[in-house]
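Input: a single structure, listed below in structure tokens.
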Amino acid sequence: MPATIYVTRQLPEVALAPLRARGVVRVWDREDIIPRATLLDGVHDADALLCMVTERIDDELLAHAPRLRIVANMAVGYDNVNVPALTNRGIVFTNTPGVLTETTADLAFALILGIARRIGEGERMVRAGRWGAWSPFAFLGHDVHHATLGIIGLGRIGTEVAKRAHGFDMRILYTNRGRNAAAEERFGCTRVELPSLLRESDFVLVLTPLSADTRHLLSTPQFHMMKHSAFLINAARGPIVDARALYAALRDGLIAGAALDVTDPEPIPSDDPLLTLENCLIVPHVGSASIATRTRMATLAADNIVAFLNGTRPPTPVNSEVLS
Ligand code: GLV
């Protein structure tokens with residue numbers, strides 16, 4: 001019997017073609033998020049599932065998918081997936097590391113530049129027809145070059161940001177579970193404890209994965225430690241930052257500004273108070289959103305499924321213990 005492969009979003013044909021060659025492919029071919037009930041119904045006979053960060057892969061879903069043998073997440077982060085639940089059932093789980101590293105680092109650096117130089121605010125003003133005369137005091141921002149960047153989570157993406165920051169002559173501090181000796185040597189990064197990073201950085205960049213340990217890692221006490229002139233940038237996952245505390249910190253001038261690629265919840269509701277603040281730049285979770293990178297992510301997710309169904313090792317397994 002051919003394998004049934006369920007895909008939760010329309011993908012480039014270059015990624016779907018190898019799946020079609022390997023089994024019966026069913027695609028939720030819309031741009032919006034698949035309704036939960038449709039997903040639960042759709043996986044009832046699926047052998048493989050290719051999903052996005054927007055889908056919750058948990059016990060409930062697995063109970064609806066008795067034939068499932070592999071889940072391929074089209075993302076590097078996987079806080080949307082209960083990996084132990086998959087592992088306990090012997091289901092292979094893969095993600096898409098590596099292929100999005102530089103693109104996401106580019107976006108993180110764009111957020112640093114964007115909030116420091118007030119790009120969003122300036123653009124809104126120009127579009128509103130409020131661009132007054134040039135003045136020595138108009139729209140002054142902060143320099144990124146020679147400033148101190150604190151990176152919380154110096155993994156693959158953080159290291160690429162450090163490379164860019166090194167080119168801007170920035171001083172780079174970081175926290176990480178382990179030492180990143182290569183980044184220390186190549187880009188002059190210095191590992192510190194989180195309080196020192198918060199106290200000394202002009203830009204605090206969050207790149208750590210979301211877990212029980214990192215949920216609300218940055219809240220009121222941490223904002224108090226930061227300089228009043230400092231900026232917070234979140235390019236990881238929304239819930240790592242306490243959004244209500246961030247709003248208060250920005251409103252009260254505890255910190256100078258924030259730039260967010262991710263929010264909690266996503267999408268951010270149109271009446272969220274953060275959207276009323278000029279010193280908050282928000283983009284819609286687009287870290288990896290270049291044409292080439294999204295194509296590579298889709299292709300890698302598909303490659304993982306095809307390799308597994310062919311009886312070979314998927315290129316990027318997370319729970320490799322299931323394979324051995
Ligand atoms: C996107 O957020 C990812 O984790 O790939």
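The values are calculated or read from the model by the stated rules, or taken from the named source; none is laboratory data. Since this is a predicted model, take the numbers as computed values, not measurements. Don't worry about glycine lacking a Cβ; one is built from the backbone with ideal geometry, like all the others, and counts go over all protein chains shown.
Just a few scattered comments:
- Only listed residue being assigned to a helix (DSSP H, G or I), under 25 Å from Val83 (Cα atoms), outside the structural domain of Leu210 (by TED's automatic domain parsing) and away from the ligand (no atom under 16 Å from the Cβ), chosen from Ala298, Ala307: Ala307
- Filtered residues of segment 248-298 (kept if among the hydrophobic types (A, V, I, L, M, F, W, C) and under 24 Å from Met74 (Cβ atoms)): Leu260, Val262, Ile268, Ile282, Val283, Val286, Ala289, Ile291, Ala292, Met297, Ala298
- Restricting segment 12-32 to residues that are closer than 16 Å to Ala46 by Cβ and in contact (Cβ under 8 Å) with a residue 60 or more places away in the chain, the residue that is nearest to the chain's Cα centre (by Cα): Leu16
- Hits in segment 89-98 - residues which are out of contact with any Gly (no Cβ under 8 Å at 6 or more places or on another chain) and within 16 Å of the ligand (Cβ to nearest atom): Phe93, Thr94, Thr96, Pro97, Gly98
- Positions within segment 164-186 being crowded, with 17+ Cβ neighbours inside 10 Å and either within 20 Å of the chain's Cα centre (by Cα) or more than 24 Å from Met225 (Cβ to Cβ) (or both), in sequence order: Arg164, Ala165, His166, Tyr174, Thr175, Asn176
- All positions within segment 215-258 that are more than 21 Å from the chain's Cα centre (by Cα), of a type in the set (A, V, I, L, M, F, W, C) and part of a helix (DSSP H, G or I): Phe223, Met225, Ala248, Ala249, Leu250
- Given (1) more than 16 Å from the ligand (Cβ to nearest atom); (2) in contact (Cβ under 8 Å) with a residue 40 or more places away in the chain, index of the condition Gly129 fails: (2)
- Among the conditions (1) among the charged types (D, E, K, R); (2) touching a His at 6+ places or on another chain (Cβ under 8 Å); (3) buried (at least 16 other Cβ atoms within 10 Å of the Cβ), the only one that Lys227 does not satisfy is (2).
- All conditions but one from (1) of a type outside the set (S, T, N, Q); (2) out of contact with any helix residue (DSSP H, G or I) (no Cβ under 8 Å at 6 or more places or on another chain); (3) modelled with pLDDT of 95 or more; (4) more than 25 Å from Lys227 (Cβ to Cβ) apply to Trp134; the one that does not is (3).
- Failed criterion for Val204 (all others in (1) more than 16 Å from the ligand (Cβ to nearest atom); (2) modelled with pLDDT of 95 or more; (3) not in a strand (DSSP E or B) hold): (3)
- Remark: Ala116 matches the filter, which requires a residue to be of a type in the set (A, V, I, L, M, F, W, C), in contact with a His (Cβ under 7 Å, 6 or more places away or on another chain), assigned by TED's automatic domain parsing to the domain that holds Met170 and more than 16 Å from the ligand (Cβ to nearest atom).
- So Asp242, is it away from the ligand (no atom under 16 Å from the Cβ) and farther than 28 Å from Ser196 by Cα: no
- Ala110, sole failed condition from (1) within 16 Å of Pro284 (Cβ to Cβ); (2) surrounded by fewer than 16 Cβ atoms within 10 Å (Cβ to Cβ): (2)
- Candidates are the residues of segment 68-88 that are closer than 25 Å to Gly158 by Cβ and outside any loop (DSSP other than H, G, I, E, B); the one that is farthest from the ligand (Cβ to nearest atom) is Val83.
- The set of residues in segment 34-51 that are assigned to a loop (DSSP other than H, G, I, E, B) and surrounded by 15 or more Cβ atoms within 10 Å (Cβ to Cβ) comprises Ile34, Ala46, Asp47.
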